[in-house]
Structures are given as structure tokens and as C-alpha cells.
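The values are calculated or read from the model by the stated rules, or taken from the named source; none is laboratory data. Computed from a predicted structure; not experimentally measured. Methodologically, a virtual Cβ is constructed for each residue, glycine included, from the backbone with ideal geometry; neighbour enumeration extends over all protein chains shown. Ligands, DNA and RNA are stripped out before the accessible areas are found, and what is left, the full protein with its side chains, is counted by its heavy atoms. Shrake-Rupley method; radii C 1.70, N 1.55, O 1.52, S 1.80 Å.
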Amino acid sequence: AFIIPSNDPHFSEYIASHWKNRIWISGFTGSAGTVAITKHNAALWTDSRYFIQAEKQLNGTGIELKKMRMPGTETIEEWLLSQLSENSQIGIDGKLFSVTEFNRMEKALSPLKLKLCDEPFIKIWKDRPMLPKEKVFLLPDNITGKNRKEKISELAQKGNFADAAYIVTALDEIAWLVNLRGNDVKFNPVAISYAIVDYPNVHLFIAPDKISEDDRKELTGDNIHIHPYSAFDEFLHQMNKPVIINPRKLNIHSYNILKNKKLGISEEQDINGIISSLKAVKNETEIAGFRKAMIADGVAMVRFLKWLEENVGKNKVTEVSAGEK
């Protein structure tokens, strides 16, 4: 069997088109869902938001809809255990499953074996979208309220990173840490990247042509070293000091590289992740920014309500036209 989740290697809530493997294989376009495929059968699990949509889009595909958290609906693991003989292997792309999820599934699927595979969609998805190439930009201190050196220092003190490197994979955390924004994911101001904090240095893995020469100089001046996004695995192979990870945010593929190095792997103690906890506490500049944004949002809403009041009953107003307005 093979399991296809709705993840990217960073476990983002919304993902770039390049990683929409589950949508491509099934035709189901909802934001959440997992497909499992055996030699003879296939099924998709999704939640109640998408039951009607999934029924329509899966019609005629041969993929059975499994309604999550409904009475009588078996889990992915239960279904696979019923479909396969006990010496079977279940393939997954290790970059799309966290350490925590891999360990949970491995236990739930026993005696079936989970096998990490090379990504199959490289070969079978012929017109697959490329990785995003949108330019990134840096936010000035008067917008962030705290410069990147301060944030990196605060992170190192909070996490006690004196003798270890800290791996950051969540795109919003990287954006906050180095005051960088991007347009790689629709409606999300993030850029596809990894980061490794080896205080006082930070290694940022991102497509180099996304960063302007001026921004590159500014980052380098703040001890942030740019590497190609594709060089992340190679860098892990070359590491020579202990590492601190978040098992819910690091994928099992990267974890296994570190594990084989026998460097010593520690899990961060903050359940949210240290950076998530730090960025949850807003400074005065950020709070002022929120207030400014809410005023702009309120003006837009009042203008919309005025337009709606003036047009309902006079012109045709539908949910679609109101949404467009």
C-alpha cells in the first residue's frame, strides 16, 4: 500500500501547489484528506466539512469515501490491516510525515511495516507545478518592533542552545525569526525554507534567486547564511554537533539523517515550540499594527455593508457577487 497525506515537508496548514499530491491522485480538492492505495482498492478519509464535495469529486474514481469521526468509519490503520497480509509493507514519503506521526502510525499498523520511499510523484505527475519562485522581502524594524538579532538571541537564551543546533521547519516560525516575508503559499506571507540556528549564526535554506542582493547583504550582516533549499539534506549529513528538534514539526526523513549521524538528538520542552511561544507575545509595535489593520478591515466591511444595502432589491445580488465585492 501507499499513503498520500495533504502535507508539505513543513506541515503547513495551506500548501503550495507543488505538494498537492493528494488532490492530483484523487481529484478531491478539499484542504484536508488522506488517500491510501493498495493494489486492488483505494480510500480517502476526510472530515465532515467535505463529505458532500468528496462524494461528488470521488464519483467514478474507484476511491471509496471514508467519513472521519462518524460511527462505523474505520481508521486508515484499521482499513489497511483489513486489506493487507501481515508481511505487507506500506510506503510513505518520509518528508511528508512528522516524527510523531510516523511513530504513532508504526505502532498502530503493527505487524505491517512502514517503509520510507522516494517521492513517487516526481516520476508519475508529468505536469506537476514547480516549487514556487516568488521573491521574498525583509521587514524593517519599525514594522516588526524587534530586529532579527534580538529574536535570535532571545531564542538561544530561551532554548539554552549553548552546545546544540536548533532546527526550524515551520514556515511561519522562520518568517518571524528572520523578519522575512514571501508569497509562496496563497494568502500566507511565507517562503518555502528551512533554518538551522547554530547561535550566533543562522543557516537559511531557500532558493537563492528569491532574495535580492541588498537583502542578502543585510541578512549576511546579521549572521544569517544563505544556502539553496535543496542543500538542506546535505547540510544535515555534514553536521557535527548535537541537535534540538520538535518531533511534531520535523519530518521523519530528516530525523533519520540526524539519527544515523549519532550526534545526540534532544526534543524541545515547549509543547508549542519555543518560537511559536515567543511570537505569540506581541510587542507594542505589533499591537499597534493589529489595531491599524482592524481599522482598515472595519472600513472595508462598512463599505461592503453600504453597497449591499443599496443594491439588494434593486440589482441581482448573489453569494458569489457579494463575495467578489
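Here are the numbers for this structure:
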quantity	calculated
Total residues in the range 278-325, condition assigned to a loop (DSSP other than H, G, I, E, B) and among the small types (Gly, Ala, Ser)	1
Spans of strands (runs of 3 or more DSSP E) in the range 1-67 with at least 1 residues within 30 Å of Ile196 (Cβ to Cβ)	2-4, 34-37
Restricting the range 243-277 to residues that are touching a Ser or Thr at 6+ places or on another chain (Cβ under 7 Å) and part of a loop (DSSP other than H, G, I, E, B), the residue that is farthest from Leu171 (Cα to Cα)	Asp270
Residue match in the range 111-128 (condition: aliphatic (A, V, I, L, M) and either closer than 18 Å to Ile245 by Cβ or open to solvent by less than 20 Å² (accessible area, probe 1.4 Å) (or both))	yes
Residue within the range 27-43 that is open to solvent by less than 60 Å² (accessible area, probe 1.4 Å) and among the charged types (D, E, K, R) present	no
Any hit, the range 88-104, residues being assigned to a loop (DSSP other than H, G, I, E, B), touching a Ser or Thr at 6+ places or on another chain (Cβ under 7 Å) and either in contact (Cβ under 8 Å) with a residue 24 or more places away in the chain or of a type in the set (Lys, Arg) (or both)	no
Criterion: surrounded by fewer than 17 Cβ atoms within 10 Å (Cβ to Cβ) and closer than 30 Å to Gly221 by Cβ - qualifying residue of Asn142, Asn87	Asn142
Single residue of the range 214-259 satisfying the filter (touching a residue at least 40 places away in the same chain (Cβ under 8 Å) and basic (Lys, Arg)) that is farthest from Asn103 (Cα to Cα)	Lys241
Some residue of the range 108-118 being more than 27 Å from Thr285 (Cα to Cα), among the charged types (D, E, K, R), outside any loop (DSSP other than H, G, I, E, B) and more than 21 Å from the chain's Cα centre (by Cα)	yes
Test result for Phe137, at pLDDT 95 or above and open to solvent by 70 Å² or more (accessible area, probe 1.4 Å)	yes
Residue count for the range 196-228, restricted to those that are among the hydroxyl-bearing types (Ser, Thr, Tyr) and either more than 21 Å from Ile275 (Cα to Cα) or surrounded by fewer than 13 Cβ atoms within 10 Å (Cβ to Cβ) (or both)	2
Those residues of the range 153-175 which are surrounded by fewer than 23 Cβ atoms within 10 Å (Cβ to Cβ) and in a helix (DSSP H, G or I), in sequence order	Ser153, Glu154, Leu155, Ala156, Gln157, Lys158, Gly159, Asp172, Glu173, Ala175
